Amino acid sequence: MAFFFVQMADPQFGMFAFFSGLTDEEVEERRSRQLFVRKAPKKITGFADESRLYTQAIEATNRMKPAFVAMCGDMVHDPSDQSQLDELFRITDMLDDDIPIYWVSGNHDVGDAPTPESLALYRERFGPDNFSFDHDGCHFAVINSSVCSNPVNVPNEWENIVQFLKDDLSRARADGCNNIILLVHHPWFLEDADEGDGYFVIPRDRRKVILDILHEHDASAVFAGHWHRNNYAEDGKLLMVVTGAVGYPLGDDPSGLRVVKVDGAAVTHQYYAMDDLPDSIEL
């Protein structure tokens, strides 16, 4: 049976205010790292922009009526700021009760180098960071890509992710699933599976471990966020899709969300800017 889901990423409450306080030198330094920050005319406080954009996304999702929402990380900019979390959850509560939302941990949610404490706090707020679920014959796996990026403080968590993914995908194939999709925050790569390391991708040694597992079980796609712009690449038959931000854009792509259609083993997708969100989706 064909269905569709909505993928969102990086609402990142507090990011507009944070970037509005940067000096010209700090703006240029970030632009040199392909973080295309726009100089704000004046300092922003609060998160009115994030609230407006996320509300648009939730209201459009209610109109479209997807099977579920996958929120691919960086829900807030500063996880120690309770007001950011409160606003995130206030607006999320507007989502219709019959549309589940699956949280995927991002580096701003658990840290660039997660610790036992940051992971425990995330799990208390959002639930497990490594889990899976099924919908109409399609199997979805979720893993903590921040651990994959830098497990120095939690090496056992990296080992657990590898074992979890092997066991989970083997079980899904044994149960006869039609399709396997991985939901994460960090992209595994942006252009080529063998590209070098960098802030926006998973380091090659751990990247290869996960990609080998995905290929072994014939996974069809990975959906991620983190880059605050869209990007599309492939590794053989595996799609690597990076989705632009619900919140602050860092490239040419405007704030928006992605609609992903699944029909058996086929996966298609389209990104919609906030000013062009559809009222319904045809399968």
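General remarks:
- Distance from the range 122-147 to the range 226-283 (C-alpha centre basis), Å: 19
- Each of VAL104, ALA60, SER149 was placed along the dipole of the range 28-159 (beta-carbon charges, centred on the mean Cα), and the one lying farthest toward the positive end is ALA60.
- Helix-only [θ]222 nm of the chain, DSSP H runs n ≥ 4, -39500 (n - 2.57) each, per residue, nearest 500: -10000 deg cm²/dmol
- Percent of Cα pairs exceeding the 24 Å cut-off, where the set is the chain: 47
- Placing unit charges on the Cβ atoms of the charged side chains and taking the dipole of the range 3-276 about its Cα centre, the candidate lying farthest along the positive direction among ALA193, GLY73, ALA48 is ALA48.
- Using a Gaussian network model of the chain in which every pair of alpha carbons under 10 angstrom is joined by a spring, one finds that among LYS42, LYS208, LYS261 the greatest mean-square fluctuation is at LYS42.
- Dipole magnitude of the range 3-276, debye to nearest 20 (Cβ charges: Lys/Arg +1, Asp/Glu -1, about Cα centre): 280
- The alpha carbon convex hull volume per residue for the range 238-283 rounds to 77 Å³.
- Using the average count of surrounding beta-carbon atoms within 10 Å as a protection proxy, the listed peptides 180-193, 154-167 rank, highest first, as 180-193, 154-167.
- If you look at the Cα atoms of the range 26-181, you get an Rg and a Dmax of 17.9, 57 Å.
- Using only side-chain charges placed at the Cβ, +1 for Lys and Arg and -1 for Asp and Glu, the dipole size of the range 1-120 relative to its Cα centre rounds to 500 debye.
- Relative contact order [Cα under 8 Å, 6+ residues apart], the range 3-276, whole percent: 22
- Here the range 126-279 yields Rg over Rh of 0.96, to two decimals, using C-alpha coordinates and the Kirkwood radius.
Every number here is computed from the coordinates shown, using simple stated rules; none is lab data. All figures in this text were calculated on a predicted structure; none of them were measured in a lab. We place every Cβ from the backbone using ideal geometry, glycine too, and count neighbours over all the protein chains shown.
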